[in-house]
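Written below as structure tokens is the structure these notes are about.
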Amino acid sequence: MAATTESRTAEFTAAPGSTVVIRDEEWLVTQIEPTTDGHFVHVVGLSELVRDTEAVFSTALDDVAVADPAETTVVADGSPRYRTSRLWLEAMLRKTPVPIADPALTTAHRALADPLPYQFAAVRKALDPDNLRPRILLADAVGLGKTLEIGMILSELARRGRGERILVVTPKHVLEQMQFELWTRFALPFVRLDSTGIQRIRQRLPANRNPFAFFKRVIISIDTLKSDKYVAHLRKHRWDAVVIDESHNVTNSSTQNFRLATMLSRQTDALVLASATPHNGDPRSFAALVRMLEPSAVKPDGVELDEKQVERLIVRRHRHSPEVASVVGADWAERREPQNVLVPASPVEEEIAVELERTWLWPAGGASPYSGKGGATLFPWTLAKAFLSSPAALEESVRKRLRVLEGGRQESDDEDSLVAPDTTDGSPVPDGAAHLPGLASPGPGAASGTGTRGAERAALTRLHGLARRSLTEPSAKYDALLDHLRGIGVRKGAEMRAVVFAERVATLGWLRKKLGQDLGLTEENVVVLHGGLSDVDQQAIVESFKLASSPIRVLVTGDVASEGVNLHSHCHHLVHYDIPWSLIRIEQRNGRIDRYGQKHAPQITSLLLDPQTTTRFGGDLRVLTRLVEREHHAHRALGDTASLMGEYSVKAEEKAIADVLRQAKSLEHVVKEVEEVVADDGPAGLLARLMGMGAAAPAEPETSAPTVETGGSTGVYDDELSFLEDALTQICTTPGQEPPNGVAWKTYPQQSLASLKPPRDLQQRLEVLPQSYLADRNVTETLRLATATARGTQELVNAKSAESRSTWPEAHFLGPLHPVVDWASDRVLSTLQRRQVFAVRGGVEDLTVLVQAALYNVRGQVVATSYQTVAFPNPDSPSFGLASQHASSADAVAYLRVGTTNTGAIPGAEALQPFVRQAVASAEASVGDQIESIRAETQDRVEAWLRRSQHWRMEASALIGREAAAARSGIASRQSDVDEETRLAREMVPHRTLLRPLLVVVPVDQPDTEENH
């Protein structure tokens, strides 16, 4: 059996567009998927018994016989304007993958987006044929549109036959946002596996069924994905492309997230990592991340990077990089200078500040009354941090600590973020989670408290009394917030909105209640967002805030919204109600409204309580305003603030700032200057140099945007709408009639709109579209299409307008990858039967046959395509044909000048078959030199990859001889990845050429064939 399977696989030579015989029936191949034991062959039935039936066969199980293109018979096209043959040719060209090394962008520039030159540059870099596989780290700063770049890359991969099976991994709170962007702008549908999606799948699939085999394109959160059940499924599945958004969550090499990402990198061809903070400061972790992209780009020691190779794999720009600043213009308003408001404390707040200073922060005896097992240094600052957040946060912290003491527990009771560790898997801590008793675990060397439980209880009781008083007396910082919101125009009935960030859940709830009362707003006007909400509730709030019709005027949010969430559509005011003790967190928060697409200058306002009667506490707190100013400076110079402190962890940064506040370190010691970052020899310095900073890579301002080479036109139809209209007429005859006689097709040219009622087979294809889109817009009943980019863009705007109740556009943009276009292509391809090609009349001098030649590599990917026209000067002699090469299919089609009027089917067209046979032979001979040139170019590239791999192995062999056994094991593991890279390189070698006759064109004035023969 194994031998049979091997022979089947070895003999398999089909490609999209081939006619094959499987189980005694004829089929048209629409797609090929490589598998571990052969190929999956997607087909549409041609012969009578299986006509129009869609199926998938495995070459490991079935014999797939490929028809000889030279034996293709000729059929006259009698349809009006040669509609049938033009449709078939268009569909065939659409189904032919664009060559993997083609430098022209074919779909990225045709999506419903406003792509900028620097984004095109990222796409070209990802698709650069000098890369063994399409792999890239999109490390652009916050707000530059990494999601659009991801969509552009995926759409190009799909058009190149390398994007059929795609997995997108994101934080759970941006699942819907990512799904929305990929579908509305690029027509790439993804099944979203959030809690609701998983429940839906459980109802459809058996428990033991691999959901990743059932759904070709999936978007899922990393927290869901790393469950044991999904990991087991993932090990059995290969992807064309994997995207890991916010990939800084997988940089810690000791976490489960990292191990999952590493496994996925080995199970996919293309890999896209995206993060504005792509490393955690550890050279080994960053090297491991680079190794996911290209193993041989990291030296055998697992740490040293081949910087020249790394430059091919990373894109790094920020708002003020020359190539960005020169093009964003008014579409990204410049951020204003931050407003740091020092708020004099109220009387009760002054009392609390004095109590904290004298009893907890700088007690006269040198030690605070804290009696816990660890965190003696940090716990007092935990209380100070809660006080700076809100009276409610302080009261909660003190109350919970008292409850612990009253319970008599002896374990570590530190309950705030300063003494809680980072989560073990690298995930962000949910808002408020780190404040819960029992979560904290003091780090190594954390000192235990020296106070007695009784003394601590007495001190906490005194502080608790003050905290309770502060809940009933005026709060100076809250009053300042109220004045600020009123000052910018937030009030009942007004359009102005604001995002208010605070760390503590207690603060969020307290603010919501008070703001609603004092601003005269309802519960739907002031909404709280925090990590304790379900993923569905989080997404619903975020999606609502994007709508112009949203009732939300003040979004009071924890830091769950600081990562990856877009809040800029209708908001340009952001308030730090409490200032994070972390540059990373400040940058992440600010990026929610300071990003591409922001039309109004973002205003960042920070409120800081400023006690006047303390000796040290008030003055030291002003360090926090300097932190905000440092973030603003780094935002302009680096586009990245994490490298200033070098901690690459919110928790670590908070502890470092606590050291500054308690005067154990200076701010200058903890926070670097920009120049120091550029000179760093670690990952931070490398990324700074990639942005053209420092002497290693001087920046040269661009005087004009680089030219973007684009393509994608077949030359047959001008646009998708023209093709779809003709296809529906071909499929239904009367497409304007109601089902079952038609599809109720309607067009509104003045509005650039169209609609149809999807037939059953199209409905089945639409099932994988976003479920909320299907429900909100009743898509399976009526599919509405925007037929021009301007209209599609307006539909997105309308969906966020005051009249809309759904963020999904009512009419979806009819782009080149739209499922309805793919459905139409498959339907019209089945027009011809049994190895046939159409004959038409055209503006050629001699009888001419159009032949497509496609060069495939060992992996079944299209390396190059060539379009040949073979002319026969003597219509009585099919043995002599003159072949001419054309630059593209569009050039070849233009040369043929197919007639726009069909005066009748060419009689006796079947007698033209000898011309087809000779055309295939002539084209094969003509294309030989071109194929050899491409083969040699590809071979040179493969040889360069192999030489690099060989050099790596030589270095590894030398290193193994010097290292201990444990180190040798790590080198051996890394070498297996490089060996896999070598195997892939060999599979890129051109392997076979497939020729297909596409059209026979007879001169308009040539006598009918029956008269000649």
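The values are calculated or read from the model by the stated rules, or taken from the named source; none is laboratory data. Model, not experiment: these values are computed from the prediction. We place every Cβ from the backbone using ideal geometry, glycine too, and count neighbours over all the protein chains shown.
Listing for the model above:
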item	result
Qualifying residue in region 276-291 (condition: small (Gly, Ala, Ser) and within 23 Å of residue 595 (Cβ to Cβ))	yes
Among the residues listed as 112, 144, 148, 137, the single one being part of a helix (DSSP H, G or I) and touching a Lys or Arg at 6+ places or on another chain (Cβ under 9 Å)	148
Count of residues meeting criterion [of a type in the set (Val, Ile, Thr), assigned to a loop (DSSP other than H, G, I, E, B) and farther than 21 Å from residue 931 by Cα] in region 841-878	1
Members of region 911-924 that are under 19 Å from residue 1005 (Cα atoms) and either in contact with a Phe, Trp or Tyr (Cβ under 7 Å, 6 or more places away or on another chain) or surrounded by fewer than 20 Cβ atoms within 10 Å (Cβ to Cβ) (or both)	911, 915
Qualifying residue in region 495-510 (condition: out of contact with any Lys or Arg (no Cβ under 7 Å at 6 or more places or on another chain), among the hydroxyl-bearing types (Ser, Thr, Tyr) and more than 21 Å from residue 390 (Cβ to Cβ))	no
Selection status of residue 803, among the acidic types (Asp, Glu), surrounded by fewer than 20 Cβ atoms within 10 Å (Cβ to Cβ) and modelled with pLDDT under 90	yes
Near pairs, Cβ below 8 angstrom, 6+ apart or cross-chain, from region 490-502 (in contact (Cβ under 8 Å) with a residue 12 or more places away in the chain and under 14 Å from residue 545 (Cβ atoms)) to any residue that is among the hydroxyl-bearing types (Ser, Thr, Tyr) and part of a strand (DSSP E or B)	499/557; 500/557; 501/557
Selection count, region 746-805, where residues are assigned to a helix (DSSP H, G or I) and polar (S, T, N, Q)	10
Selection within region 277-294 - of a type in the set (D, E, K, R) and assigned to a helix (DSSP H, G or I)	284, 291
Subset of region 843-876 [closer than 21 Å to residue 722 by Cβ and surrounded by fewer than 22 Cβ atoms within 10 Å (Cβ to Cβ)]	843
Unmet criterion (only one of (1) buried (at least 22 other Cβ atoms within 10 Å of the Cβ); (2) free of Cβ contacts under 8 Å to residues at least 60 places away in the same chain) for residue 810	(1)
Out of 386, 367, 353, sole residue that is more than 24 Å from residue 607 (Cα to Cα) and touching a Ser or Thr at 6+ places or on another chain (Cβ under 6 Å)	367
Residues (surrounded by fewer than 20 Cβ atoms within 10 Å (Cβ to Cβ), without any contact (Cβ under 8 Å) to a residue 24 or more places away in the chain and not aromatic (Phe, Trp, Tyr)) located in region 203-229	203, 204, 205, 206, 207, 208, 209, 227, 228, 229
Exclusive hit being of a type in the set (Ser, Thr, Tyr), under 15 Å from residue 607 (Cβ atoms) and touching a residue at least 60 places away in the same chain (Cβ under 8 Å), set 569, 470, 475	475
Verdict on residue 823 being of a type in the set (Phe, Trp, Tyr), part of a loop (DSSP other than H, G, I, E, B) and at pLDDT 90 or above	no
Some residue of region 510-526 being crowded, with 21+ Cβ neighbours inside 10 Å, in contact (Cβ under 8 Å) with a residue 60 or more places away in the chain, in a helix (DSSP H, G or I) and in contact with a Ser or Thr (Cβ under 6 Å, 6 or more places away or on another chain)	yes
Search result, residues across region 621-650 that are polar (S, T, N, Q) and part of a helix (DSSP H, G or I)	625, 643
Selection from region 733-763 of residues that are buried (at least 17 other Cβ atoms within 10 Å of the Cβ) and in contact with a Phe, Trp or Tyr (Cβ under 8 Å, 6 or more places away or on another chain)	735, 754, 756, 762
Of all residues in region 538-586 being of a type in the set (Lys, Arg) and not in a loop (DSSP other than H, G, I, E, B), the one that is modelled with the highest pLDDT	585
